[in-house]
Amino acid sequence: MRSRSPWFSAPTFWAPTRTDARDCRRLRAGVIAGVLSCAAAMIMAGCATSHTGPIEVSRKPFGQTADGKQVYEFTLRNTKGSEARILNYGGIVRSLRVPDAKGNLGDVVLGYDTLADYLKETPYFGALIGRYGNRIARGKFTLDGQEYTLATNNYPNALHGGVKGFDKVVWEPAILTGPDGPSLKLTYLSKDGEEGYPGNLSVTVIYTLTEDNGLKIEYTATTDKDTVINLTQHSYFNLAGKGTILDHIVMIPADKFTPVDSTLIPTGELKPVDGTPFDFRTPTAIGARINQDDEQLKFGKGYDHNWVINKPMGEFGLMARVTEPTTGRVLEVLSAEPGLQFYTGNFLDGTLKGKGGQVYQFRSGFCMESQHFPDSPNKPQFPSVVLKPGQTYHSTIVFKFSTRS
Ligand code: GLA
């Protein structure tokens, strides 16, 4: 249950029936709440930067899909001035502005300026991933004795939910504000048989920009038939806002990872990272070993693997910490998932032109996708990804930003 602080009035809901004339109007979470939270922030921080202000949520039209569905961009802003811009198309985090060590806000995610760009071609920039994050071998799995066939959209395997996964659908949006900060709630009903998966799956995702500069993503889902589910988030981060990510320093608390075959399907083994370029237990630059003569790195064209995080199953905690030396920005990834897909943008090749005309070069963004392990439906030895009627799927990711000098 999400608790609500008594000094926040009832959540401000955005009603989809409001006219576009009001779309750009800022929906304030209440003057009293804003003033109080500003004051609280100032007292707690002991200082105020020029970025402080009331918690805000606004929306503006962002174009239409080919089948005429209206897409909006929602802007969530906390009292520190940090800002997340999120689309109800694919739940895409289009922009995420957080402070560096000097207090300067900068955008730390890759993405595009227009919906047309997202509709044309995207390597899942900033998107919600479902129904099944990462690969399922040969697009086939068996559940309750029945074989299911999926599109092999990453031949010869199924990837990230199929041809039209959760990253490419229009979600039903609603704004709410609570004690943690402004939130965008997205809901979607994935019909029985959609992209080959069984069961009507009802999914809710709540994005919250927290007062301590975290982007919290909370997933819940229910089904009316046994199915498989593995939801994640595919933001590409670059904490410097430009250049490659090779100088970012990464720490992943994992003694083991899941090695893959040449098509990036786990072999089923949990391999110790000891003595390999996959050992990030002590903070190491991404670029330090990425080009080593290592079969696993060759298969992934760099890092594109699942780490088995050292913590008890289901315990919420740290999955990775990334530090960018020039800006002092630090990203911590937290979740209760057993695995983390660390992907270093190895399929970026300088052909995609993103926000502000920036060309996205090889390894100019990295993803930290908390998840169950790839191909779990075909690997009985991996933690189960089966969801049954009467159960509720829960998964929470926090991308928490801070700085160090
Ligand atoms: C995931 C996969 C990668 C790649 C990217 C999207 O991280 O593991 O292999 O498909 O998504 O380009």
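The values are calculated or read from the model by the stated rules, or taken from the named source; none is laboratory data. Just so it is clear, the structure is predicted and the values come from calculations on it, not from any experiment. In this analysis, Cβ positions are derived from the backbone assuming ideal geometry, glycine residues included, and neighbour counts consider all displayed protein chains.
Couple of notes before you dig in:
- Listed here are the strands (runs of 3 or more DSSP E) enclosed by the range 91-160 that have at least 2 residues being closer than 26 Å to residue 223 by Cα and either in contact with a Cys (Cβ under 7 Å, 6 or more places away or on another chain) or not hydroxyl-bearing (Ser, Thr, Tyr) (or both): 127-129, 140-143, 146-149.
Residue-by-condition table, conditions (1) touching a Gly at 6+ places or on another chain (Cβ under 8 Å); (2) at positive phi; (3) away from the ligand (no atom under 14 Å from the Cβ):
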residue	(1), (2), (3)
147	no, no, yes
155	no, no, no
161	yes, yes, no
166	yes, no, no
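- The residues in the range 229-249 that are assigned to a loop (DSSP other than H, G, I, E, B) and within 20 Å of residue 215 (Cβ to Cβ) can be counted, and the count is 9.
- Scanning the range 141-169 for residues that are without any contact (Cβ under 8 Å) to a residue 24 or more places away in the chain and of a type in the set (D, E, K, R) turns up just one, 147.
- Scanning the range 346-360 turns up at least one residue that is in a loop (DSSP other than H, G, I, E, B), away from the ligand (no atom under 16 Å from the Cβ) and surrounded by fewer than 23 Cβ atoms within 10 Å (Cβ to Cβ).
- Residue check, residue 113 among the charged types (D, E, K, R), at pLDDT 95 or above, touching a helix residue (DSSP H, G or I) at 6+ places or on another chain (Cβ under 6 Å) and surrounded by fewer than 20 Cβ atoms within 10 Å (Cβ to Cβ): yes
- Within the range 337-355, residues that are farther than 13 Å from residue 122 by Cβ have Cβ atoms under 8 Å from residues that are of a type in the set (Lys, Arg) and within 11 Å of the ligand (Cβ to nearest atom) in these pairs: 346/301, counting only partners at least 6 apart in sequence or on another chain.
- Residue in the range 61-73 that is farther than 21 Å from residue 359 by Cα, away from the ligand (no atom under 16 Å from the Cβ), in contact (Cβ under 8 Å) with a residue 40 or more places away in the chain and within 20 Å of the chain's Cα centre (by Cα) present: yes
- Of all residues in the range 86-130 being charged (D, E, K, R) and closer than 17 Å to residue 237 by Cα, the one that is nearest to the ligand (Cβ to nearest atom): 94
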